[in-house]
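The values are calculated or read from the model by the stated rules, or taken from the named source; none is laboratory data. What you see is a predicted model, and the numbers here were worked out from it, not measured in a lab. As a convention, Cβ positions derive from the backbone with ideal geometry for all residues, glycine included, and neighbour counts pool all protein chains shown.
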Amino acid sequence: MHSETYRRIIENISRVIVGKRSTIELLLVALIAEGHVLLEDVPGVAKTLLAKCLARSIGGSFNRIQFTPDLMPADITGFNVWDQNAGKFYFHPGPVITHVLLADEINRTIPRTQSSLLECMGERQVTVDGKTYPLPEPYFVMATQNPIELEGTFPLPEAQLDRFLLKTRLGYPDREEEIRILEQFQKKDPYEELTAVATPEDMLKLQQQRRNVRVSEPVKAYIADIVRATRNHAAILFGASPRGSLGLMQAAQARAILQGRAYVLPDDIKSLAGPVLTHRLILKEKDRLRGQNTGHLLENIIAGIPVPAATG
C-alpha cells in the first residue's frame, strides 16, 4: 500500500530531525500534492538538514541555493556558454534542475530574482534564451525565510507567495528534544547514515494515488465556503485565490493517504486550512496596525462555518 511508503519516509526523516513530526508530515503532504513549502523561522533550527533528509529519503537529487542580495536569475535557472571550438552554445544547468531544491533565505534577495522561480514552481520547467528545459519529477521546492522584521530582508511578492502550497515553521525544540539532539549528534552525524527508503518513482505513484482520493460534494462546498469567507471579511483586503481552494483540496487528499483513507474528511480541511491559506491573505493596513493577524482571523472564519457530516 502506497501509504506505507509515506510512513517509511516520515519515520526515516525522524531519525535525524528530532520532535518535528507534524512539520515533516506537512512537507510530505506538499510533495504528494505536487506543491511547494515556505518555511519561515530563525537560523539554526535544522531547516537545511530537513530538506537534505527529505531528498535522501526519497532517493532524489538535492541542490541548495543561498539567496543573497547580489544573486541574479541566471544563477538560479542556468545560462548558455559559448564553446569557441565547437562554434555553438551549450546550456549550463542551474541548481533548479533537481528533485528537491532548497531556496535558502529566499527573502534576502531582490524580488526580480525571487520571481525567477515562478516558472519552475508552477510549470515544472525552466526557460533560458527562449529554450525550455523540463525539470525532474517529482519536483519540490522548499524555501526558507527569516522573519520579515529582520534587517536586510525583502518581502516576497504576492504572486510568489501564492505559488507555495503551504507555509509552516519548525520552531525551537523543547527541553527534552534539545537533550536528545545533543545525545544524537555527540559522536556522529546521523544524517551520514541515512539511506533512501523510497524512490522518485514511488513519489510519482503517490502523486497519482492522491489524484484518485475522493472529495465529496459537501467537502468541496466546505472548502468553497471557507475560501469565499476570506474574501468577504471586513479586515482582509485580499482573500485566498482559486489556487488556494485547489491547494487546500489537494493537500487534504494527500493527508487522507497519510492516514490510510481513500476519501477526504472535513477534519483534513480544518487541519490544513491554516498552513495552506494564511500566507495568501492580505490584511487591510489599519487592521494590521491594530495587531490583527491572518492566523487568528482564519480560525474565527472557520469556527463560524458549519462543518458538513463526515462522508466516505
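Would segment 44-59 turn up any residue that is touching a His at 6+ places or on another chain (Cβ under 9 Å), surrounded by fewer than 21 Cβ atoms within 10 Å (Cβ to Cβ) and not acidic (Asp, Glu)?
Looking for residues that are touching a His at 6+ places or on another chain (Cβ under 9 Å), surrounded by fewer than 21 Cβ atoms within 10 Å (Cβ to Cβ) and not acidic (Asp, Glu), one finds at least one in segment 44-59, hence yes.
Out of segment 96-142, which residues are closer than 30 Å to residue 198 by Cα, assigned to a loop (DSSP other than H, G, I, E, B) and of a type in the set (S, T, N, Q)?
Matches in segment 96-142: 98 only.
Output the residue which, of all residues in segment 226-253 that are free of Cβ contacts under 8 Å to residues at least 60 places away in the same chain and of a type in the set (A, V, I, L, M), is surrounded by the fewest Cβ atoms within 10 Å (Cβ to Cβ).
Checking each candidate, the answer is 234.
For residue 156, all conditions in the list (1) within 23 Å of the chain's Cα centre (by Cα); (2) assigned to a strand (DSSP E or B) hold save one; what is the number of the exception?
Condition not satisfied by residue 156: (2).
Step by step: first the residues of segment 196-225, then only those that are of a type in the set (Val, Ile, Thr), crowded, with 19+ Cβ neighbours inside 10 Å and within 21 Å of the chain's Cα centre (by Cα), then the one that is farthest from residue 291 (Cα to Cα). Which residue is that?
213
Of the residues that make up segment 278-289, is at least one among the β-branched types (Val, Ile, Thr) and surrounded by 22 or more Cβ atoms within 10 Å (Cβ to Cβ)?
no
Go through the residues of segment 303-311 one by one and say whether even a single one is outside the structural domain of residue 245 (by TED's automatic domain parsing) and either in contact with a strand residue (DSSP E or B) (Cβ under 7 Å, 6 or more places away or on another chain) or among the hydroxyl-bearing types (Ser, Thr, Tyr) (or both).
Yes.
Only one residue in 74, 143 is among the hydrophobic types (A, V, I, L, M, F, W, C) and surrounded by 20 or more Cβ atoms within 10 Å (Cβ to Cβ). Which one?
It is 143.
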